Structures are given as C-alpha cells and as structure tokens.
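Structure first, then comments.
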Amino acid sequence: MLELSTIWAGIIAFAVLTYVILDGFDLGIGILFPFAKTEKDRDVMMNSVTPVWDGNETWLVMGGGGLFAVFPLAYSVVMPALYVPVIIMLLALVFRGVAFEYRWRTVRGRWLWDVAFHGGSTVAALCQGIALGALVQGIPVEGRLYAGGWWDWLTPFSVLTGVALVIGYALLGATWLNMKTTGKIQRQMRSYVRPLMLMTLGLIGLVSLLTPFQDPIYMVRWFSGPGVVFTVLVPALVTAIAWKLDRGITEQRDNQPFVCAIALFVVCFIGIGISFYPYMLPPSLTIAEAAAPDSSLAFALVGAVILLPVILAYTAYTYWVFRGKIDPEENYH
Amino acid sequence: MNLLANFDAETLARIQFAFTVSFHIIFPAFSIGLASFLAVLNGLWLWRKDKAYLNLFNYWKKIFAVGFAMGVVSGIVMSYQFGTNWSTFSDTAGPVIGPLMAYEVMTAFFLEAGFLGIMLFGRERVGPGLHMMATAMVALGTLISATWILSVNSWMQTPAGFDVNELGQFIPVDWWSIVFNPSFPYRLTHMVLAAYLTTAFVVAGVAAWHLLRRNRTAEVTRMFSMAMWMAVLVTPLQIVAGDLHGLNTLEHQPQKVMAMEGHFDSHPEGAPLILFGIPNEDEKRVDYAIEIPKLSSLILKHDLNAPLDGLDTIPDDEEPPVAIVFYSFRIMLAIGFAMLGVGLWSLVQRVRGRLKEDRWLHRASVLLAPSGFVAVLAGWITTEVGRQPYTVYGLMRTSDSLSQVDAPAVAASLIAFIVVYFAVFGAGTFYMLRLMGKPPVEDFQKTQKPIEIFTLAEAA
C-alpha cells in the first residue's frame with residue numbers, strides 16, 4: 001500500500017516541476033528581454049505570455065501552499081533556512097509581475113518597467129536556483145526547528161546552481177519565443193538556442209559532478225547498487241534530448257526545440273528526485289517524517305485528485321485559445 | 001535601521017505580517033467586488049445589446065487588470081509569510097489550516113488565473129458565450145478564494161473540530177466543524193459585503209468625478225446609478241451582518257468586544273455605549289468618554305439592564321491592546337454610517353429625479369471613494385488585534401508562534417518590503433487613478449476594425 005505521504009510528495013514534486021517549466025519560460029523571456037532590438041520586439045515577447053503568466057505563477061503558490069498543507073514541518077524548516085533567497089525571490093516576482101500591466105500604462109516610464117521585468121525575472125530565477133542548491137547541500141534540523149545559520153545557503157555550489165537555472169530558463173524562453181514568434185525576432189531567438197543549450201549542458205554536467213560530494217547519501221545513491229542504472233541512463237537521455245534539440249534548430253522547426261528543452265528539465269528534475277528520495281530535506285527529514293497527520297493528507301488528497309485534472313484541463317484550454325504565432329499588430333492593451 | 005533596532009524579533013515579525021497582509025487585502029477587497037461588477041456589466045451587454053455596458057466593461061477591465069496583478073504578486077508573498085517568520089505556528093497549526101489553503105489554491109487561484117487571460121484578451125477568440133463564462137469564472141474564483149481564506153482566519157479566531165497530538169500540533173478531527181467554525185459564516189458575509197461596498201464606492205466616486213466635470217455620458221450616469229443602488233441596498237445589509245458578527249464575537253471572544261467597547265470595568269446593571277473617548281490603558285479607564293447609558297447592553301444583549309463583564313474579569317496577560325481596537329472599530333463604524341447616509345441621500349435624489357444633478361451628492365461620493373478600503377483595514381485591525389495575545393485564540397500565543405529568527409533579519413526584510421511595496425504599489429495606484437481620471441468612452445482603436453471604418457466611410 002502506497003503511503004499517503006509518498007503520494008503527496010509526488011503531487012508536490014509535480015507542482016514544482018510544472019512551475020519550473022511554465023514559469024521557467026516566462027521568466028526566461030524576462031531574462032532575454034534586454035537582447036530585444038526594438039520596442040516592438042519587446043512588446044511581442046511580453047505578449048507571448050501575457051494571457052498565461054498568472055496561471056503559470058499560481059503553481060508556485062501551489063508548491064508553497066501545498067508544502068504548508070501536507071508537509072508543514074518541511075515548510076517551517078525550509079522557509080527560515082532559505083529566508084534571504086526566498087524573500088528576495090518574492091520581491092523580484094513583485095517587480096516582474098506588475099511589469100506585465102504597468103509597462104502598458106506609461107510611455108515615459110516604460111523603460112523602467114522593462115528594467116523591472118528583466119531584473120525581477122533574472123533575480124527570481126537566480127534565487128530559485130540558489131534555493132535548489134541549498135536544498136541539495138542539506139539543511140540541518142534539530143528537534144523540529146532549522147538549526148543552521150542565516151547565510152548557510154550561500155556557497156559556491158548554490159551560486160552555481162543559481163546561474164545554471166538562469167541559463168536554463170533562458171533556454172526555455174528562447175525556444176518558447178522561437179515557437180511563438182515570426183520573422184526577425186524568431187531568427188534572433190533561434191540563434192541563441194544553441195549557445196544557451198551548450199551552456200546549460202555544461203552547467204548540468206558541472207552540477208552533477210559536484211552533487212555527490214555535497215553529501216555521502218548522493219554518492220551511495222548514484223554509485224552503488226541499483227542506482228548505477230540511473231547513473232548511466234540519465235546522461236544518455238540528456239544526450240539524446242540535446243541531439244534532438246540541436247536537430248530542431250538546424251531544421252528550423254518551431255515546436256521541437258521547446259519540447260526538447262522541457263524534456264531536458266524533466267530529466268534533470270527526475271535526477272534530483274532520485275537523489276532526494278526518500279528524503280524531503282536530505283539528510284535531515286524523510287518524506288514520512290515531514291508529513292502532516294493522515295487525516296490532513298487524506299482530506300487534501302480528495303480535492304487534489306479531483307481538482308488537479310480539472311485545473312490541467314482548463315489551463316490547457318487557455319493555452320489552446322492563445323495558440324499559434326503572436327501577431328505583432330495585435331495589442332492586448 | 002536605528003528606529004527598528006529597539007524592537008525584538010516578535011514585534012518586527014508582527015509589524016511585517018501586518019504590513020504585508022494590510023497591503024494585500026486592499027487588492028482582493030477591490031477585485032472581489034470588481035470581478036462581480038464586470039460579470040454583471042458583461043451580462044447586461046450581452047442581454048441588452050447596449051454599447052454603454054460594453055464600454056463600461058472595457059473601461060473597468062483595464063483597472064481590474066492592474067489591481068489584479070498587484071493582488072497576485074502581494075498574495076504570493078503571503079503564501080510564504082507563514083513560513084519565513086511564523087514557522088512554529090506553521091508547524092503547529094499547519095495540519096488544520098494548511099489543507100484549507102491548499103483548497104483555496106486549487107479551487108480559486110487556478111480558476112481566476114486560468115480564465116483571467118480569456119476574460120481580458122480573449123473575447124474575439126472564444127466568442128461571447130465562452131467569454132461570458134470566463135468572466136463569471138473569474139468572479140466566482142474571487143468569491144471561492146474569500147470563502148477559504150476566511151474559513152482559515154475564522155478558525156484561528158474560533159477554533160473547532162480539532163485535537164492536539166503528542167507533538168503539540170493541532171490535528172484535524174472533524175473537517176466540517178473546522179471549515180464551518182462558529183465565526184466563519186458571519187465573517188465571510190461581513191467581508192464579502194465589505195468588498196462589494198468598497199468597489200461600489202470606488203465606482204461611484206469615479207462616476208461622480210466625471211459628473212462633476214460635466215461628463216454626463218450614458219456610461220457615467222449609468223455606473224453612478226448602479227453604484228448608488230448598491231450603496232442603498234447593501235449598506236443596511238452590511239450593518240445587520242456586522243451586528244450579528246459582533247454578537248457572535250461576544251459569545252466566542254468576549255475580551256475582543258470589551259476592547260471594542262472600551263469596557264475596562266464590568267457593568268452589572270447595564271453598560272453604557274462609549275461613543276468617543278481616549279482609552280487609558282495604564283489607568284484602565286476611558287478618558288474624556290462621551291457615553292450613552294445602558295445602550296451597549298441594549299445593543300449586545302437586547303436588554304437595557306443586562307449585566308456586561310469588562311476587562312477587569314480578564315487576566316492582564318490575556319487582554320488584547322485596547323486603544324487600537326477601540327479606535328479602529330469606531331473608524332469602521334463611522335464610515336459604515338457615512339455610506340448609509342450617502343446611500344439614503346442618493347435614494348431621495350433618485351426619487352426626485354436629481355441623481356445626475358446633485359453636485360453635493362457627487363462631491364460626497366468622490367470623498368467616500370477610498371473609504372471602503374479604510375473601513376476594511378479598520379475592521380481587520382479590530383478583529384486581528386482583538387485576537388491578541390493569541391494567534392489561535394485561547395490556545396496558541398503569538399509569542400510562541402515565531403520562527404527562530406533574529407531581529408536584524410526580520411528588520412532588514414521588513415524595510416525591503418516597505419520600500420518595494422510603497423514604490424511598486426504606489427506606482428500601480430497612480431496608474432489606476434490615471435485610468436479612472438479618463439472618462440469611459442468607446443475605444444476607437446480597438447473596436448473599430450479597418451473593415452468597420454470602411455463601411456462607415458461607405459455609409460457616409
């Protein structure tokens with residue numbers, strides 16, 4: 001019988017992955033914003049996500065709110081441990097979120113909100129990557145409280161994962177724009193895909209090499225017993241996806257590079273999952289230890305099982321409504 | 001920084017939560033009302049085919065979009081505020097209130113966000129029927145969101161349906177009693193009506209502003225009329241709802257009502273209603289009190305001579321701060337009665353057919369435009385400060401709810417929030433006011449497609 005806490009860990013992981021993919025490409029657009037050559041190009045880039053960004057970001061609330069609901073102990077340990085990057089990320093998201101509306105409300109001040117959009121997106125991505133690195137490094141817990149210092153999260157490794165996520169999101173953003181735009185801006189974005197992909201692969205490689213040295217449990221997981229299978233499989237999958245992505249760019253395909261970039265994120269995410277399981281916060285808390293009582297998990301699960309498919313359905317519908325290339329002449333505001 | 005150096009981490013964390021949640025509540029209070037207003041406008045446009053409704057929809061839609069964006073980003077902050085500064089509370093109360101918040105995300109936030117894009121930008125793409133549905137879904141989402149979050153807050157005020165486990169955590173036993181805890185129906189009604197009134201008075205203020213500038217288009221007069229109907233009909237309902245909410249509070253949280261009333265002493269033979277005064281917490285009395293004998297007993301117990309206990313029956317370390325609660329309660333009440341007054345005034349002028357002409361009514365409406373926000377904040381301050389010194393009333397003290405945080409970290413993040421919020425939401429408010437400053441007219445660029453211009457030219 002599958003434990004309720006394991007099911008919930010899967011749901012939270014799914015929410016986080018969905019967030020990373022969906023907000024990943026719209027944060028990526030913010031990261032790439034200053035590379036746009038004209039005002040018109042920036043309009044098109046932003047309009048490609050204007051109708052959906054809000055829904056994308058809701059997955060972050062699902063991740064945070066879900067963690068609070070079903071793993072309150074993990075939530076109450078992680079937030080103080082990652083206090084600084086979490087607060088900076090939230091403030092950065094404030095800037096880039098309001099920019100979607102504000103930049104259409106002013107002509108003189110538009111540049112300001114362009115800067116806010118780019119800066120907010122980049123800083124949010126960096127903080128998310130740093131938070132991931134800090135989780136991989138391990139968070140010390142004593143009793144039911146975070147037992148580390150204020151700046152424990154800040155290490156060369158976490159900065160590396162931060163930069164890796166910024167570059168990875170930029171890759172998602174560039175492939176999204178390659179799919180959604182036409183003409184000059186599409187050619188420009190397509191030309192960024194290959195260098196971004198190579199950088200992303202390099203950073204994934206570096207992070208993967210360093211991860212086993214962060215904690216002995218990763219070393220055991222990846223280099224002994226059945227884990228060795230993954231150690232061979234994951235790099236093989238990454239290589240195959242990268243090859244497909246590269247072909248998609250050479251053949252000037254619209255959708256294939258974006259799909260491949262998503263696949264890259266999915267594989268890496270599964271890799272992290274393999275490293276962590278059965279821990280929620282390695283090496284201190286397992287999934288079962290961090291979970292709320294079964295009555296909480298069961299109550300919330302009923303809703304999740306019914307509602308998440310419905311949510312995915314109408315989210316997909318919204319994407320369907322706004323499918324296809326962005327018409328540069330169509331202005332949403 | 002020096003100013004904040006004297007505070008301990010708990011005080012700073014409380015200021016931070018109060019600050020971020022106060023900023024946040026302003027936007028939902030507005031978007032709950034405005035989303036419903038937009039749904040009504042769109043429905044009227046489809047039903048009556050009167051262009052004025054469509055123009056009004058498009059006008060308020062832009063303002064809604066700016067307000068909603070601010071609500072979203074300030075709301076994301078809230079979902080993490082429980083963990084950063086209040087992690088002991090999160091660990092202890094999480095098993096009960098966490099799932100309620102998860103339901104809020106799953107039933108409301110996704111619904112709003114999912115259909116917002118179609119509502120704002122999708123009319124031409126999906127057709128009028130589905131666009132209407134999307135608009136209704138956004139409005140429904142705001143109401144569902146209010147339902148869950150008020151259930152959470154009410155549970156913290158009047159906890160029910162739980163047990164405590166060996167770790168000291170609150171454990172859900174009966175979800176029905178948790179969700180429908182004793183104060184929830186009253187608080188929900190009171191807040192939703194407050195949101196509707198807040199929006200109605202913003203709409204009225206904007207309409208009145210344009211009427212004062214002799215801008216008597218169909219759009220302007222119609223929205224003024226609609227807003228004034230809301231004022232007439234909803235304000236009395238709100239006063240009744242508030243009264244019932246107060247009686248419920250008296251039953252479950254008597255010391256909050258004692259602070260609201262300024263009753264430091266017990267009154268065995270009927271308590272006076274203190275209209276104004278200055279609570280003196282050191283001497284435990286209200287200075288310069290202007291009071292009406294026995295009226296408080298009449299209001300709270302429906303009996304002039306009913307005895308009412310005062311704060312003298314409550315141990316000092318279980319009392320809420322009196323002055324803040326006393327003042328904020330009066331501010332809320334004063335605004336409520338001002339709204340009632342303007343509503344009745346408008347009814348008289350409507351009957352006399354002078355709704356469009358009475359410039360003093362228009363001036364009063366402009367004056368009251370932001371009053372709903374003040375009343376909402378004052379009401380929340382009354383109920384939240386009145387719950388002190390507890391986070392979970394009677395069970396978990398605020399001082400036991402804090403994270404292991406150091407004062408400098410909380411101070412630094414507090415300053416960052418203050419600077420960013422005033423800058424970002426200040427700019428947003430400015431943009432909203434600028435949009436409101438323009439009269440609602442047909443947006444030629446958008447609605448006049450080249451083909452229509454061609455036919456117009458041909459017709460001419």
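Every number here is computed from the coordinates shown, using simple stated rules; none is lab data. Keep in mind it's a predicted model, so treat the numbers as computed, not measured. Because the Cβ atoms are built from the backbone with ideal geometry, glycine has one as well, and the counts that use them run over all protein chains shown.
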Once Lys and Arg are counted +1 and Asp and Glu -1 for all other residues with Cβ under 12 Å from that of A:Ala174, the total becomes +4
List the extent of the Cα atoms of the stretch B:190-321 along each of their three principal axes, largest first, rounded to whole Å. 60, 28, 27
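Restricting to DSSP H runs of at least four residues, report the calculated mean residue ellipticity at 222 nm for chain B, -39500 (n - 2.57) per run over all residues, nearest 500 deg cm²/dmol.
About -24000 deg cm²/dmol.
Roughly how many debye, to the nearest 20, is the charge dipole of the stretch A:66-212 about its Cα centre, given +1 on each Lys and Arg Cβ, -1 on each Asp and Glu Cβ, and no other charges?
Working: 11 positive and 4 negative charges, 181 e Å.
It comes to approximately 860 debye.
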Signed unit charges on C-beta, dipole axis of the stretch A:4-321, positive-most listed residue A:Phe71, A:Gly10, A:Val52: A:Val52
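Report the full-extension gain for the segment B:Glu318 to B:Phe7: residue separation times 0.36 nm, less the Cα-Cα distance, to one decimal in nm.
Numbers: separation 311, 0.36 × 311 = 111.96 nm, distance 2.14 nm.
Between B:Glu318 and B:Phe7, full extension yields an extra 109.8 nm.
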Could you give the nm distance between label points at A:Val266 and B:Leu344, where each point is 7 Å from its Cα heading toward the beta carbon? 6.6 nm
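Quick check: net charge around A:Ser121, other residues with Cβ under 12 Å of its Cβ, Lys/Arg +1 and Asp/Glu -1?
Working: positive: A:Arg96; negative: A:Asp23, A:Asp26, A:Glu57, A:Asp114.
Local net charge: -3.
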Between 0 and 90 degrees, rounded to the nearest ten: what's the tilt of helix B:184-212 against the longest Cα principal axis of chain B? 40 degrees
Excluding residues on the same chain fewer than 8 positions from A:Lys325, give the lysines whose Cα lies under 18 Å from its Cα. A:Lys40, A:Lys180, A:Lys184
So if we plug the beta-carbon distance of B:Ile290 and A:Leu145 into 1/(1 + (r/R0)^6) with R0 = 45 Å, what FRET efficiency do we get, rounded to 0.05? 0.35
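Compute the Cα gyration tensor for the stretch B:345-433, then decide on rounded, prolate or oblate, letting a ≥ b ≥ c be the square roots of its eigenvalues: rounded whenever a/c is under 1.5, prolate when a/b is larger than b/c in the other cases, and oblate in all that remain. Mind showing how you got there, number by number?
Details: a/c = 6.41, a/b = 1.94, b/c = 3.30.
Oblate.
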Cα centroid separation, the stretch A:241-290 to the stretch A:1-54 (Å): 14 Å
Hey, can you grab everything whose amide H is under 5 Å from the amide H of B:Leu275? Only 5+ residues off in sequence or another chain; H modelled, so Pro and N-termini drop out. B:Ile290, B:Glu291, B:Ile292
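Report relative contact order for chain B in percent, whole number only (criteria: Cα-Cα under 8 Å, sequence separation at least 6). Don't skip to the end; give the middle numbers.
On the way: 666 pairs, mean separation 98.7, N = 460.
Computed over chain B, the figure is 21 percent.
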How about B:Lys61: which lysines have a C-alpha closer than 16 Å to its C-alpha, ignoring those fewer than 8 places off in the same chain? B:Lys51, B:Lys438, B:Lys446
Could you check the spin-label model distance between B:Trp360 and A:Ala240? Points 7 Å from the Cα along Cα→Cβ, value in nm. 8.2 nm
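Could you work out the mean count of beta carbons from other protein chains within 10 Å of each residue's beta carbon in A:316-323? Mind showing how you got there, number by number?
Numbers: counts 1, 6, 9, 2, 2, 8, 5, 1.
Counting other chains' Cβ atoms within 10 Å and averaging over A:316-323 gives 4.
Please go through the stretch A:145-175 and write out the chymotrypsin sites (Phe, Trp or Tyr not before Pro) that DSSP classes as loop and that have at most 10 other C-beta atoms within 10 Å. Spell out each step's value before the answer.
Details: sites: A:Tyr146, A:Trp150, A:Trp151, A:Trp153, A:Phe157, A:Tyr169; in loops: A:Trp150, A:Trp151, A:Trp153.
Answer in residue order: A:Trp151.
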Within 10 Å of the Cβ of an average residue in B:60-69, the count of other chain Cβ atoms is 3
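Once the other residues with Cβ under 13 Å from the Cβ of B:Thr382 are scored (Lys, Arg +1; Asp, Glu -1), what is the net sum? Don't skip to the answer; put the middle values down first.
Values: positive: B:Arg187, B:Lys256, B:Arg330, B:Arg387; negative: B:Glu261, B:Glu384.
Local charge sum for B:Thr382: +2.
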Taking 7 Å along the Cα-to-C-beta vector as the label spot, tell me the B:Phe422-B:Ser22 distance in nanometres, rounded to one decimal. 1.3 nm
If you take every DSSP beta bridge fully contained in the protein assembly as shown, what fraction is antiparallel? Give it as a percent rounded to 5. 100 percent
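Contact order normalised by length for the stretch A:4-321, with contacts defined as Cα pairs under 8 Å and 6 or more residues apart; what percent is it?
Values: 401 pairs, mean separation 73.8, N = 318.
About 23 percent, as a whole number.
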The stretch B:159-203 and the stretch B:30-97 have their Cα centres apart by a whole-number Å value of 19 Å
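Once the Cα gyration tensor of chain B is diagonalised, what are the square roots of 5 times its eigenvalues, in whole Å and ordered largest first, as equivalent ellipsoid semi-axes? Mind dumping the intermediate values first?
Values: eigenvalues 341, 158, 82 Å².
So the three semi-axes of chain B are 41, 28, 20 Å.
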Starting from 0.36 nm per residue, how many nanometres of slack lie between A:Thr182 and A:Glu251 once their C-alpha separation is accounted for? 23.3 nm
Quote to one decimal, in nm, the extra length available between A:Leu206 and A:Ser224 on full extension: 0.36 nm per residue of separation minus the C-alpha distance between them. 4.4 nm
Would you kindly compute the Cα radius of gyration of chain A and its largest Cα-Cα separation (Dmax), both in Å? 20.1, 62
Does anyone have the angle between helix B:407-437 and the longest principal axis of chain B? Alpha-carbon axes, 0 to 90°, nearest 10? 30 degrees
Cα gyration tensor, the protein assembly as shown - rounded (a/c under 1.5), prolate or oblate: oblate
How large is ³J(HN,Hα) for each residue in the stretch A:302-315, as worked out from phi by the Karplus curve 6.51 cos²θ - 1.76 cosθ + 1.60 (θ = phi - 60°), to whole Hz, x for Gly and Pro? 3, x, 4, 5, 7, 7, 4, x, 5, 4, 4, 5, 6, 5
For the stretch A:15-24, in residue order, the Karplus 3J(HN,Hα) values (coefficients 6.51, -1.76, 1.60; θ = phi - 60°; whole Hz; Gly and Pro = x) are 4, 5, 4, 4, 4, 4, 6, 6, 6, x
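Please find the FRET efficiency linking B:Ala334 to A:Leu198, where r is the Cβ-Cβ separation and R0 is fixed at 56 Å, and quote it to the nearest 0.05.
Values: r = 66 Å, r/R0 = 1.18.
The value I calculate is 0.25.
Using +1 on the beta carbon of Lys and Arg, -1 on that of Asp and Glu, and nothing else charged, what's the dipole of the stretch A:4-321 about the Cα centre, debye to 20? List each step's numbers first, then the result.
Details: 18 positive and 17 negative charges, 208 e Å.
About 1000 debye.
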Nearest 10 degrees, 0 to 90: helix A:183-210 Cα axis against chain A principal axis: 20 degrees
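Just rank B:Arg330, A:Arg190, fewest to most, by other beta-carbon atoms within 10 angstrom.
B:Arg330, A:Arg190
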